[in-house]
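**Q** Structure incoming, see below.
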Amino acid sequence: MSNKTYQTETKILKGKNVLEQLCDECLSLGDKVLIVFSENMIKQSGLYARVVSLLNICGIEHITYECEGKSYSDTEINNAVELGKKENVQLVLAIGDEELMCFSKIVAHKFHNDAKAEKPESAHLPIINITSLLNLGNHNNQNIQDIALNYHHVKPATSFVDFDY
């Protein structure tokens, strides 16, 4: 299977070693990243270490918010937003499954919830998603998915699916 790059509202990079393009994608959006994830398997697989290593190599500052569980409660969302604001991050980088991607949309949007933008859909931090192909289990957190429907206008700038992870 060959690598593919798609450009829609979200740039999709799919294939082997596509994470090698992470620095270019991040630097086009900012140089301080809030990394969010929730699964210990992300660390065990080496995916988290690879992402951090790439960010370090290209001089992108990063701060990590590891969710305590898979519930993605309002407390979790608010804690991630507060950390991002305290650290003056410029984008959100989410590593995980579909539910974590929903979490990242909410965090990115709430980061500027006080902003009175003419176009509310533009009042959010840019998002980069790294979808894990690991078997993370079926959380089926209907609450986060229902909430995320309110954030359907929040689109990631880039999504990675690297077949090596």
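**Q** Could you compute the net charge surrounding Gln90? Neighbours are other residues with a C-beta less than 9 Å from the C-beta of Gln90; K and R count +1, D and E count -1.
**A** 0
**Q** Can I ask one more? Report the local net charge at Asp164: Lys and Arg +1, Asp and Glu -1, summed over other residues whose C-beta lies under 9 Å from its C-beta.
**A** Residues near Asp164 contribute +1 overall.
**Q** Right, another one. For Ala49 and Ser73 in the same chain, what is the full-extension length gain: residue separation times 0.36 nm, less their Cα-Cα distance, in nm?
**A** 6.0 nm
**Q** Within the set Lys32/Lys155; Lys16/Lys85; Lys43/Lys110; Lys14/Lys110, which residue pairs have Cα atoms separated by over 30 Å?
**A** Pairs exceeding 30 Å: Lys16/Lys85.
**Q** Tally Lys/Arg at +1 and Asp/Glu at -1 over every other residue whose Cβ is under 15 Å from the Cβ of Leu27; what's the total?
**A** Residues close to Leu27 contribute a combined charge of -3.
**Q** Here's a follow-up. Show me 71-78, 37-44 ranked by packing, highest mean number of other Cβ atoms within 10 Å first.
**A** Listed from highest to lowest mean packing, they are 37-44, 71-78.
**Q** Now, a different point. For segment 31-40, what does the Karplus curve 6.51 cos²θ - 1.76 cosθ + 1.60, with θ = phi - 60°, yield as ³J(HN,Hα) per residue in whole Hz, taken in order and with x for Gly and Pro?
**A** Going residue by residue, I get 10, 9, 10, 9, 8, 10, 7, 9, 9, 4 Hz, with x marking Gly and Pro.
**Q** Classify segment 16-86 from the C-alpha gyration tensor, please: rounded if a/c falls under 1.5, else prolate or oblate depending on whether a/b exceeds b/c.
**A** oblate
FYI, it's all coordinate maths here, none of it is from the lab. Since this is a predicted model, take the numbers as computed values, not measurements. Heads up, the Cβs are rebuilt from the backbone with ideal geometry, glycines too, and the neighbour counts pull from every protein chain shown.
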